[in-house]
Amino acid sequence: MRSWVRQADIDEGYSPGVSSEESRRIKELEQENRELKRANAILKRAASFFGAELCATRRWMYREVVRYRLCWAVAAA
């Protein structure tokens with residue numbers, strides 16, 4: 001009962017402290033922050049994965065181009 005009265009005094013501005021509305025907003029922002037950090041971590045991992053795949057694909061394509069040009073150079077000689 002005393003905590004309710006104390007919180008009511010804070011909400012009405014009679015006592016210093018964090019109001020119920022501010023406390024609720026802080027909790028919402030902390031939750032949103034956690035979700036954004038989680039999404040950011042997932043995106044970083046995905047970018048790393050796809051970047052490595054792209055790099056491997058480019059290396060494979062480069063080898064094929066070199067092999068193709070080498071075949072033509074040998075055939076032309």
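The values are calculated or read from the model by the stated rules, or taken from the named source; none is laboratory data. Given the structure is predicted, the values throughout are model-derived calculations rather than measurements. When we count neighbours, we look across all protein chains shown, and the Cβ atoms used for this are built from the backbone with ideal geometry, even at glycine. The area values use the complete protein model at the heavy-atom level, side chains included, leaving out ligands, DNA and RNA. Shrake-Rupley method; radii C 1.70, N 1.55, O 1.52, S 1.80 Å.
What are the residue pairs meeting all of these: first residue in the range 17-31, first residue hydroxyl-bearing (S, T, Y), second residue open to solvent by less than 80 Å² (accessible area, probe 1.4 Å), Cβ atoms under 7 Å, and 6 or more apart or on different chains?
Pairs that qualify, where the first residue is hydroxyl-bearing (S, T, Y) and the partner is open to solvent by less than 80 Å² (accessible area, probe 1.4 Å), are S19/I10; S19/D11; S20/Q7; S20/D11.
Is the range 25-38 home to any residue that is β-branched (V, I, T), open to solvent by less than 100 Å² (accessible area, probe 1.4 Å) and either at positive phi or at pLDDT below 85 (or both)?
no
Considering only the range 50-61, I want to know if a residue exists there that is modelled with pLDDT of 80 or more, surrounded by 10 or more Cβ atoms within 10 Å (Cβ to Cβ) and small (G, A, S).
No, every residue in the range 50-61 fails to be modelled with pLDDT of 80 or more, surrounded by 10 or more Cβ atoms within 10 Å (Cβ to Cβ) and small (G, A, S).
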